[in-house]
Structure formats: structure tokens, C-alpha cells
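Scroll down for the structure; my scribbles are underneath it.
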Amino acid sequence: MARKLYIKTYGCQMNVYDSARMADVLAPLGYAKTDSPDDADMVILNTCHIREKAAEKVFSELGHWRKRKEAGADLTIAVAGCVAQAEGEEILNRAPFVDMVVGPQAYHRLPELLARAQRKRDAGREGNPQKNTTQKGPMQKGPMQKGPMQKGLGVLDTAFPPESKFDHLPEALANPPGPVGFLAIQEGCDKFCTFCVVPYTRGAEYSRPAAAIIAEAERLLESGASEIALLGQNVNAYHGEGPDGQTWSLARLLRALSDRFDGKYPGLRWRYTTSHPREMDADLIAVHGDLPSLMPFLHLPVQAGSDAVLKAMNRGHDADLFHRIVADLRAKRPDIALSSDFIVGFPGESDKDFEATMALVRAVGFAQAYSFKYSARPGTPAALLPNQVSEAVKDARLQALLALLREQQLAFNAGMQGRVLDVLIDRVGHKQNRPGQMLGRSPYMQSVVLEHPGLEIGMRVAVQITAGYLTSLAGNVVGTPILPLNREAA
Ligand code: 5AD
Ligand code: SF4
């Protein structure tokens, strides 16, 4: 009988991609994905370590699963992702009921790990029958805290193997991708921003060969995707081997993908995330003008507007470079919607520095953005800086920045009124009293709320926008909704 796999994904889209690949790796072992935690025979927490209390959140979530096990459930618990990478052994020490801890570079070895965990558990039970999870034992008593306690029976794999995990992931998509296909083309980061854990949890920059990416794009499209998001922690640093033996840039890859697939899949659209300003070269900017299938949207984190703060962050760019990139992008693609990430309260950030961030935001105008209070991450250089900013100041700056960004987001969305946008239906609406409600995304990544008979996930519709709100657009379907050809065949 099929065993049920429940995956809870935190953090970035790379984790969303990894979760899908883990499900693919486990499918041949008879694991079918479930959306209902109560049915699960195996749970994977795919964790994120980027900001504060990440590990604490994981331990508290684990408490829930521990109760299920204590109640006698035959449940396999795995912790994956960046907390697994960063905390490693500590997870098995603090939560001995966890069966597997698996880092982001080891997902292709999940079947082997599963077998090892099973063997260890069986051996543990034979040798120590009192440790059976259904009986009273140390697990029931042991709170998840540091200090000496019963060693668990879990297994750990947080190695950075010399071979690429991508070469070992299965080609078949056991789980259809849905209308948006996520495709990891690059992983890791060599930039070492002083606040960030990514270079430590995801490792050095690695770019997949273009041929493997093209093949995976084809599989996603054949399985019904009609938008493809190319993913990487530093996606525009992509420098993979091309089929011609040359090193391809992201610009070159995008042109090749568009050349190959746009004609065959009408309406197909592309995007890529997350980018670094340092890698926004002229060719990549030109692609935004040259390829109509590249969505007019770019998430380009700037983090701060003060050159002194940017320097202390080791960003390798100043505010001026960001402004030049924006101007060049808008020259090529005037309607491009810009999104960004901001950190307020980086150590040493003065009122004047923060004002420079506000000035940058005012000058650029963002369609959306994410803002965070700086949080000291253990092991990163900025955590050791002496002049940490107080929580109260961080709060006040965050509120001021959020207010400005909200104003810009609302203005951007309200400006869509009257326009006809190409919307890809990708979710069912959540208003319980409106059963027919569907949600989609515009080319600018706005959520569009639709109430129209016969809409299905995966459909493309032309929508006349009637109103723009802070986080969504409303509109009327004009013309006939289209189910893309690849979906009909799927
Ligand atoms: N504190 C606050 N925000 C952070 N980010 C990364 N590390 C930290 C940190 N230590 C934010 C950055 C990054 C986004 C993914 O998370 O803005 O772009
Ligand atoms: Fe982290 Fe900086 Fe690398 Fe982005 S570029 S992943 S913020 S170190």
C-alpha cells in the first residue's frame, strides 16, 4: 500500500523546488504526496535558516510530530533544508525521535538514508525493547533541550558531496508541477554578505549545465507548466556549461530557452529569481527588452540605500549602481515591475543611513518588496559587530519603510485599473462563501481575484482590471479562457 508523504516547506522558492524533488526521489519507494498531515506516514520539514528563531520554530513544530509518534503512529520524521545543514547533529541530540537530518546537498541520497534509519531503528528495538516508541521511555520524558539525554536513533547526512545532487535526482516528474514550474538552474552563493547564512548552508555557487536545464524545462512543459521560474540563490550569477562547450550566462540561457520553447508553447512565460545587482550585466538587461516572453518583473534585492551600510554588508555595489540598473532596465522595458529586499537596523545603521534607504525607495518606486529587521545570525561576520541597533529603533524604521512601500504597492496596483492583463490561474480562492472564486497571477506577479464560471487551475485568461488593492487586483474575464495545449495533453 502506498505510504503517505507530507512535506512542510519553509522559506524560499528553492525550498519549494527541493521539496518537489524530494517527493520525486521518494516516489519510486511507494511514497505518495499528501496535503493532509494527519494521513502522513512520513513527514519532511524542509526548513529555512535565514532569519531569527528559525531553529526554535522547527523544534516547536517537531513537538507536534513527537506527540504523534508517542501516540503510537508509525511515522518517519525527517528534517531537511538549511536548519538541518546548520544544526546537524544538534537536532538529533535535542529531538532524538527525529529519524533523519538531511542537508540540501544530500536529497538524492534520501532512499539510502531511509534504509539506514530503518536498520538503526530495528537494531535499536531489538537491543533495547524498552525504547520502542509505543512504550514509555526516555522520549516521553525528555524535553527538547540541550544537555545530556538519550541518544536518538536518527541518521544524519549534511555532507557537501563533490558530485552535484542534480546529476542524481530522478528525471521523471512523479508529481505534476502545476501551472508554474520551478526549475533550479544554480545553487549556492560565494558573495558572503556579512549578514547572511546562505553561503554556509547552501555552499559555493554551482551552475547546472544548460543541456540539463533545457531537458528539465521540456519535462515541465510537457507536464503542463505554462510559466517557468528559473531559480537560484544567485540566479544571475549563472555560468553553466553550454551544449557548445562554452560557458553560458543567464542571458544566453534565457535566449536559448525562449528560442526553443516559445513557438511550441504559445503564451509560455519565463521569470528568474533571486538576482544580485552585481550580476545585472548589460546583456541580461537587454534580454528584458528583447524577449516578450520574459515577464516584466524583477526581484532585485538591494538591502539598503546607504553606501556605508552596503559596504559593511559586503554587498559589492553602491546605491548608484542600483539606480543605474533600474534606469537601464526601464529604458529596455518601460513597464517592468521591480521588487526588492530590505534590511533595516543593520549594525551601525544611523538615522541618516536609514534615510538613504527611504530616499532610494522614493526614487525607484517598487511594485512590491520584502523588508526585514536585521537579525544576527550565528557564525556570520555582522553578528560580531559591536554597534548593534536596538529593537525599538529597528521597529520604528521597519514601520516607516513598510508604510512607504505599501503606498507604492497600492499605487502600482491601482494604476492597473482599466488595463487588460494576461492572467494565469494558479490557485483556488480562499473565500469560503465564494465557492467559484479563483486566483491567478498577472505578468507583474500581482494576485488577481476572479469570479467567473468554468475557470480551472492552469487556464490563461485575459482580464480587464476593475480595481487594484494593496495585495490584489479584481477584474472581469474578457474573451474565452484558454487551457494551454500542453495541459490538455497532460
Ligand atoms: N537578517 C535580516 N534579514 C536577512 N536576510 C538575509 N539574512 C538576514 C538577516 N540576517 C534577508 C535579505 C535577503 C532575504 C532573503 O532575507 O534581505 O535578501
Ligand atoms: Fe546571502 Fe548575499 Fe549570497 Fe544573497 S548574495 S544569498 S544575501 S550572501
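The values are calculated or read from the model by the stated rules, or taken from the named source; none is laboratory data. All values derive from a computational prediction rather than experimental measurement. Here the Cβ positions follow ideal geometry from the backbone for every residue, glycine too, while neighbour counts run over all protein chains shown. For accessibility, only protein heavy atoms count, side chains too; no ligands or nucleic acids. Shrake-Rupley method; radii C 1.70, N 1.55, O 1.52, S 1.80 Å.
Here are a few things to note about the model shown:
- If you go through the range 1-57 and keep only what is of a type in the set (S, T, N, Q) and farther than 30 Å from PHE195 by Cβ, you end up with THR34, SER36.
- Residue in the range 208-224 that is farthest from ligand 1 (Cβ to nearest atom), counting only those that are more than 14 Å from ALA256 (Cβ to Cβ) and either among the aliphatic types (A, V, I, L, M) or touching a His at 6+ places or on another chain (Cβ under 8 Å) (or both): LEU221
- The set of residues in the range 322-366 being out of contact with any Phe, Trp or Tyr (no Cβ under 9 Å at 6 or more places or on another chain), over 21 Å from LEU401 (Cα atoms) and not small (Gly, Ala, Ser) consists of ARG324, ILE325, ASP328, LEU329, ARG330, LYS332, ARG333, PRO334.
- Looking across ASN234, ASN175, one residue alone is within 16 Å of ligand 1 (Cβ to nearest atom) and in contact with a helix residue (DSSP H, G or I) (Cβ under 9 Å, 6 or more places away or on another chain). It is ASN234.
- The range 456-472: number of residues that are open to solvent by less than 20 Å² (accessible area, probe 1.4 Å), more than 25 Å from the chain's Cα centre (by Cα) and over 20 Å from GLN368 (Cβ atoms): 1
- The strands (runs of 3 or more DSSP E) found wholly in the range 337-455 and carrying at least 1 residues that are among the acidic types (Asp, Glu) occupy 337-344, 420-428, 447-451.
- Of the criteria (1) within 16 Å of ligand 1 (Cβ to nearest atom); (2) closer than 28 Å to VAL101 by Cβ; (3) under 20 Å from the mean Cα position of the chain (by Cα), which one THR194 fails: (3)
Okay, residues lined up against (1) within 11 Å of ligand 2 (Cβ to nearest atom); (2) touching a Pro at 6+ places or on another chain (Cβ under 8 Å):
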| site | (1), (2) |
| --- | --- |
| PHE192 | yes, yes |
| VAL197 | yes, no |
| TYR206 | no, no |
| ALA212 | no, no |
| TYR238 | no, no |
| PHE261 | no, no |
| TYR265 | no, yes |
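- Candidate set from the range 249-293 (those that are touching a His at 6+ places or on another chain (Cβ under 7 Å) and part of a strand (DSSP E or B)); member that is most open to solvent (accessible area, probe 1.4 Å): SER249
- For the range 310-334, a tally of residues being free of Cβ contacts under 8 Å to residues at least 60 places away in the same chain and not in a helix (DSSP H, G or I) returns 4.
- Any hit, the range 374-392, residues being away from ligand 2 (no atom under 16 Å from the Cβ), at negative phi and in contact with a Leu (Cβ under 9 Å, 6 or more places away or on another chain): no
- Those residues of the range 163-220 which are in a helix (DSSP H, G or I) and open to solvent by 50 Å² or more (accessible area, probe 1.4 Å), in sequence order: ASP167, HIS168, TYR200, ALA211, ARG219
- Flag for LEU300 being in contact (Cβ under 8 Å) with a residue 24 or more places away in the chain, farther than 29 Å from MET358 by Cβ, surrounded by 20 or more Cβ atoms within 10 Å (Cβ to Cβ) and of a type outside the set (Ser, Thr, Tyr): no
- Positions within the range 294-309 being in contact with a helix residue (DSSP H, G or I) (Cβ under 7 Å, 6 or more places away or on another chain) and in a loop (DSSP other than H, G, I, E, B), in sequence order: LEU300, VAL302, ALA304, GLY305, SER306
- Taking the criterion of being surrounded by fewer than 20 Cβ atoms within 10 Å (Cβ to Cβ) and more than 16 Å from ligand 1 (Cβ to nearest atom), the residues of the range 313-333 that qualify are ASP318, ASP320, LEU321, HIS323, ARG324, ALA327, ASP328, ARG330, ALA331, LYS332.
- Of all residues in the range 334-344, those satisfying the criterion of being more than 16 Å from ligand 2 (Cβ to nearest atom) and open to solvent by less than 20 Å² (accessible area, probe 1.4 Å) are ILE336, ALA337, LEU338.
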